[in-house]
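*Asks:* Before we start, here is the structure in question, set down as structure tokens.
The values are calculated or read from the model by the stated rules, or taken from the named source; none is laboratory data. None of these values were measured; they are calculated from a predicted model. Cβ: placed from backbone, ideal geometry, glycine included. Neighbour counts: every protein chain shown.
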Amino acid sequence: MNVRPDFSRNANMAETAPAFLSVWDMHSYYGESYIVQGINFNVHEGEIVALLGRNGAGKTTTLRSIARLNSPQVQRGEIWLDHKPLHTMSSYEAATAGLGLVPEDRRIIPGLTVEENLQLAQIAPPIGWSIERLYDLFPRLGERRKQEGVTLSGGEQQMLSIARALARDIKVLLLDEPYEGLAPVIVDEIEKTLRHIKEQGMTTILVEQNAVRALQLADRAIILDTGSIVFDGSAAEVLENEELRAEYLAI
């Protein structure tokens, strides 16, 4: 059995208890561009962690690296999920191990209805998130189950993208800019849903330019600056620290 290494002695770790997801000395590149420069962090089961920073800090690259996508290329480092070495896996294997990435562009499949998008993603038989349970979580999707997914509003497409990830009975939800371009009332609705699935034990890493909203939702915040971690601690601490927010988040 693979056993996750002990990273608790690293100075960048906010917690020393055993982690559910661990990233250790991860270095990621786009071609010759060195984007993520040896970062380390732990995420504990059931946490919501906000991954923050200015544009170009390496946030999306970090999510894509954890998800084991072909681009960027992770040239060094280890990623462990529930004692499984993601760094040895393909993106498909990492998804099967329990990662669910919701990309910024949502990637709803054209020509398929809401329900068909969910059916395509769902494992059989479902363990935790049946389609009817997903409709309870997102009533709008239930009302539009026979509608083609790409014809939904932006907010509804975001709901479908999150529901589609949950349909695979994932262990960790990776969200890239889930509030981008959405009206405040829809952001409220999605935030309420994320709080609800946290209560069900879901672990979430959230990349979001709307830093205040992300910090209000998250338990912890990790702030990146030019590919390195400059802060790893409670979200409340960032909200209370005007100097930190101004220097790294421009808020």
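*Asks:* Among ILE190, ILE229, ILE186, ILE197, which is the only one that is in contact with a helix residue (DSSP H, G or I) (Cβ under 6 Å, 6 or more places away or on another chain) and β-branched (Val, Ile, Thr)? Can you show your working first?
*Replies:* Numbers: ILE190 fails: in contact with a helix residue (DSSP H, G or I) (Cβ under 6 Å, 6 or more places away or on another chain); ILE229 fails: in contact with a helix residue (DSSP H, G or I) (Cβ under 6 Å, 6 or more places away or on another chain); ILE197 fails: in contact with a helix residue (DSSP H, G or I) (Cβ under 6 Å, 6 or more places away or on another chain).
The conditions single out ILE186.
*Asks:* Counting just the residues of region 57-95 that are buried (at least 20 other Cβ atoms within 10 Å of the Cβ) and among the β-branched types (Val, Ile, Thr), which one comes out nearest to VAL23 (Cα to Cα)?
*Replies:* ILE79
*Asks:* Moving to a separate point now. Is one or more of the residues making up region 116-123 more than 17 Å from the chain's Cα centre (by Cα) and outside any helix (DSSP H, G or I)?
*Replies:* yes
Quick grid of which residues meet (1) out of contact with any Pro (no Cβ under 7 Å at 6 or more places or on another chain); (2) buried (at least 18 other Cβ atoms within 10 Å of the Cβ); (3) charged (D, E, K, R); (4) touching a residue at least 12 places away in the same chain (Cβ under 8 Å):
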{"residue": "ILE123", "(1), (2), (3), (4)": "yes, no, no, yes"}
{"residue": "ILE127", "(1), (2), (3), (4)": "yes, no, no, yes"}
{"residue": "PHE138", "(1), (2), (3), (4)": "yes, yes, no, yes"}
{"residue": "SER161", "(1), (2), (3), (4)": "yes, yes, no, yes"}
{"residue": "LEU166", "(1), (2), (3), (4)": "yes, yes, no, yes"}
{"residue": "VAL172", "(1), (2), (3), (4)": "yes, yes, no, yes"}
{"residue": "GLU177", "(1), (2), (3), (4)": "yes, yes, yes, yes"}
{"residue": "PRO184", "(1), (2), (3), (4)": "yes, no, no, no"}
{"residue": "ARG195", "(1), (2), (3), (4)": "yes, no, yes, yes"}
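*Asks:* Return the residues of region 192-251 that are touching a Leu at 6+ places or on another chain (Cβ under 9 Å), part of a helix (DSSP H, G or I) and among the acidic types (Asp, Glu); say none if nothing qualifies.
*Replies:* GLU237
*Asks:* Just a yes or no: is a residue in region 143-153 touching a strand residue (DSSP E or B) at 6+ places or on another chain (Cβ under 8 Å), in a helix (DSSP H, G or I) and assigned by TED's automatic domain parsing to the domain that holds ASN210?
*Replies:* First pass over region 143-153, keeping only residues touching a strand residue (DSSP E or B) at 6+ places or on another chain (Cβ under 8 Å): 145-149.
Those still in the list that are in a helix (DSSP H, G or I) too: 149.
Of the ones still in play, those that are also assigned by TED's automatic domain parsing to the domain that holds ASN210 are none.
No, the conditions are met nowhere in region 143-153.
*Asks:* Can you name the residue in region 53-80 that is more than 12 Å from GLY227 (Cβ to Cβ) and either acidic (Asp, Glu) or assigned to a loop (DSSP other than H, G, I, E, B) (or both) and, of all such residues, is nearest to the chain's Cα centre (by Cα)?
*Replies:* ALA67
*Asks:* Please enumerate the residues belonging to region 21-52 that are of a type outside the set (Asp, Glu) and not in a strand (DSSP E or B). Break it down stepwise before answering.
*Replies:* In the first step, residues of region 21-52 are kept if they are of a type outside the set (Asp, Glu); the result is 21-24, 26-31, 33-44, 46, 48-52.
Of everything in region 21-52, those that are of a type outside the set (Asp, Glu) and not in a strand (DSSP E or B) turn out to be GLY31, HIS44, GLY46.
*Asks:* Another question, if that's okay. Hey, can you tell me all the residues within region 197-248 that are surrounded by fewer than 22 Cβ atoms within 10 Å (Cβ to Cβ), acidic (Asp, Glu) and touching a residue at least 12 places away in the same chain (Cβ under 8 Å)?
*Replies:* ASP219, ASP225, ASP232, GLU237
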